[in-house]
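**Q** The structure that follows is given in the form of structure tokens.
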Amino acid sequence: MTESTLSSLARGGVVPKLSRLMCETTGSLEPHVDMLERRTSMTHPASDIKDVVLIVDCREDEIEGMREAHHARVAKLREQGITVSLVCWGKEDVAGFAKGYRPA
């Protein structure tokens, strides 16, 4: 997802009723965590995204580093009722994992 799309999601300018999100990221989790924090901290008509799955294109050892780097921030989001899951592309059966998700 581009920075501008994430920024629009944070403001609720794009799909304001979005409550579940599944997307792929090939770089840092930072922009996605930033978006979730901004969306929950702002007063706007957009609903909170309560269930997030980030599909990460990296090796298993890299995903552990990403988890550690963002642990405190993700823990705060979880305290607010937001579930954030990381799935390593190729490691998990992403199609099977996504069965509970339906296209918007």
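**Q** Give the average over all directions of the projected area of the C-alpha convex hull of segment 34-87, one decimal, in nm². Kindly include the intermediate steps, with their values, before the conclusion.
**A** Working: hull surface 15.2 nm².
Result: a mean projected hull area of 3.8 nm².
**Q** Starting from 0.36 nm per residue, how many nanometres of slack lie between SER19 and SER4 once their C-alpha separation is accounted for? Working shown, then result.
**A** Details: separation 15, 0.36 × 15 = 5.40 nm, distance 1.92 nm.
Computed gain between SER19 and SER4 is 3.5 nm.
**Q** Only residues of segment 1-31 count here: report those whose backbone N is under 18 Å from the spot 7 Å along Cα→Cβ of GLN80, or say none.
**A** From segment 1-31, the list is 6-22, 29-31.
**Q** Okay, moving on. Return the long-range amide H neighbours of LEU18 (sequence gap of 5 or more, or a different chain), with a cut-off of under 5 Å between placed amide H atoms.
**A** Hits under the 5 Å cutoff: SER47.
We did not get these values from a lab; they are worked out from the coordinates using the rules stated. None of these values were measured; they are calculated from a predicted model. Counting neighbours? That spans all protein chains shown, and the Cβs are built from the backbone with ideal geometry, glycine included.
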